[in-house]
């Protein structure tokens, strides 16, 4: 999920970029390396916006963590890759920890260097070490997902929504 901040001119800026820059400035301030320009920039930040960005990031992590544990990891019963854990049962706590690690990695702007960047199946497998069913290899499923994505994008753009999430039993739309 991409977190965006709408500017007064209507443009959209990635909200996680604000949080990353804020964290950098706070880190530099602790070592006395912060500049006068950065202090002025900090004074101009709206703390309500910063809180909203943090809440959106945390909600994204929470929802992805729940989804991964409930659906993606539902059949993960035993460890297969770790030599010292191989064959041992996977606990709920281990599933939750792995899901949170993946969710945090997906939201790490230092790792991806861009918001809205396409993440390939190979990247999911090689970087995130996530086993996936590659729908691109299944023609009918690929076509159905492409149609759904096009319809959803048309709906989002037509209505100028900032945040859109479609779940199993609901649709969540926030802001314009």
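The values are calculated or read from the model by the stated rules, or taken from the named source; none is laboratory data. This structure is a prediction, so every number in the text was calculated from the model and none was measured. All Cβ positions, glycine included, derive from the backbone under ideal geometry; neighbour counts span all protein chains shown.
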Helices (runs of 4 or more DSSP H) within segment 107-170 that include 2 or more residues not assigned by TED's automatic domain parsing to the domain that holds residue 65: 139-159
Within segment 69-106, tally of residues that are surrounded by 14 or more Cβ atoms within 10 Å (Cβ to Cβ) and in a loop (DSSP other than H, G, I, E, B): 4
Selection from segment 30-45 of residues that are surrounded by 10 or more Cβ atoms within 10 Å (Cβ to Cβ) and more than 24 Å from residue 13 (Cα to Cα): 33
Residue within segment 29-51 that is in a helix (DSSP H, G or I), more than 18 Å from residue 104 (Cβ to Cβ) and touching a strand residue (DSSP E or B) at 6+ places or on another chain (Cβ under 8 Å) present: yes
Residue match in segment 166-173 (condition: within 25 Å of residue 17 (Cβ to Cβ) and modelled with pLDDT under 90): yes
